[in-house]
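Here the structure comes first, spelled out in C-alpha cells, and everything after it is commentary.
The values are calculated or read from the model by the stated rules, or taken from the named source; none is laboratory data. These numbers come from a predicted model, not from an experiment. Glycine also receives a Cβ, built like all others from the backbone with ideal geometry; neighbour counts cover every protein chain displayed. Calculation scope for accessible area: heavy atoms of the full protein, side chains included, ligands and nucleic acids excluded. Shrake-Rupley method; radii C 1.70, N 1.55, O 1.52, S 1.80 Å.
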Amino acid sequence: MSGLGSALAGVTVLDLTRLLPGGYCSLLLADMGADVLKIEEPGRGDYLRAFPPLGHTQSRLFTALNRGKRSLTLNLKTERGRKILLDLARRADVLLESFRPGVLDRMGLGYATLRGVNPRLIMCAISGYGQRGPLSARAGHDLNYLGYAGALPQFAPRQAEGAAPPVVPGVQLADLGGGAFPATVAILAALFARERSGRGQFLDIAMTDGVLHWLLMLA
C-alpha cells in the first residue's frame with residue numbers, strides 16, 4: 001500500500017476475528033501503520049492456522065494474512081480473560097470482531113460495555129447478514145452471501161438454450177469485497193469522524209449487503 005505505511009501510526013486495533021474477512025481487514029490496517037493485536041482462543045487459535053498448504057509450523061495462508069500483527073491468546077469465557085480484554089479496550093482505538101450477532105453481548109463484552117470503558121472506541125462487527133433481521137443468527141459462507149445477494153447467477157456460463165449452473169468463483173468475493181473492504185472503509189471513516197466528535201461508534205458490516213452494492217450496474 002504505497003505511501004500509506006504510516007498513515008495509521010499510533011492507532012491500536014484489537015482483532016478478535018477468525019478466517020478471512022476480518023483478517024484481511026486488519027491486514028490492510030496494519031499495512032497502513034496500525035498496531036494490530038490479534039486475539040485468539042487458547043489451544044487451536046484461529047482455524048486458519050490449520051488450513052493447507054502448511055509450512056513448518058502452520059498454514060502459509062495464515063502467515064501471509066497475519067504478517068505485521070502481534071498475537072495474544074485469551075479465553076473470553078473466563079472472568080480473567082474478559083478483564084484483560086476490557087483493559088486492552090481502554091487503550092485501543094478499534095475492536096474488530098466476526099462472531100455471530102449477540103455472542104459478545106452474552107459474554108458481557110458487547111458494545112455498550114466496551115463503550116463504557118472507552119467512549120472513543122470504534123467497534124466493527126463483520127457478519128454474514130448483519131446484527132439484526134431474520135437471517136442474523138444463521139451461519140453462512142462466501143457462497144451463501146453471493147447467492148442471497150443475487151451475484152452467483154452472474155457466474156453462470158451463457159448457453160444457447162439458457163444459462164448453465166453457476167460456477168463457484170475462485171476468489172472469496174463476498175469475504176473480501178463484501179466484508180473486508182467495506183469494514184476497512186467504515187473504520188477509516190469512523191476514525192476521521194472521531195477526530196471531530198471525540199466519540200467512537202458501532203459499525204455493522206453485513207457481507208451480503210456488501211455484495212449487493214457490487215450489483216449496482218445490474219440493478
Fill in: Alpha-carbon Rg with Dmax, taken over the chain, Å
18.2, 63
Worksheet, complete the sentence: Unit-weight point scatterers at every alpha-carbon of region 97-160, Debye formula, q = 0.17 1/Å: log10 I(q)/I(0) is -0.70
Response to the item:
Output ordering of 141-152, 50-61, 106-117 (per-residue mean of other Cβ within 10 Å, highest first) is 141-152, 106-117, 50-61
Worksheet item: Using only helices, what value at 222 nm comes out for the chain when you add -39,500 (n - 2.57) per DSSP H run of length 4 or more and divide by the total residues, to the nearest 500 deg cm²/dmol?
Response: -9500 deg cm²/dmol
Discussion item. Looking at the chain as a GNM with Cα springs under 10 Å, which of Pro134, Pro153, Pro119 has the largest mean-square fluctuation?
Written reply: Pro134
Worksheet item: Residues in region 27-60 near a label at Val168, defined as backbone nitrogen under 16 Å from the 7 Å Cα→Cβ point?
Response: 52-53
Fill in: Average accessible surface area per residue within the chain, 1.4 Å rolling probe, Å²
54
Discussion item. Rounded to the nearest percent, how much of the accessible area of region 12-214 (1.4 Å probe, protein heavy atoms only) is carbon and sulfur?
Written reply: 57
Worksheet item: Roughly speaking, what is the stretch gain from His141 to Tyr47, that is 0.36 nm per residue apart minus the C-alpha to C-alpha distance, in nm to one decimal?
Response: 32.4 nm
Worksheet item: In nm, what is the difference between 0.36 nm times the number of residues separating Ile84 and Ala7 and their Cα-Cα distance?
Response: 24.9 nm
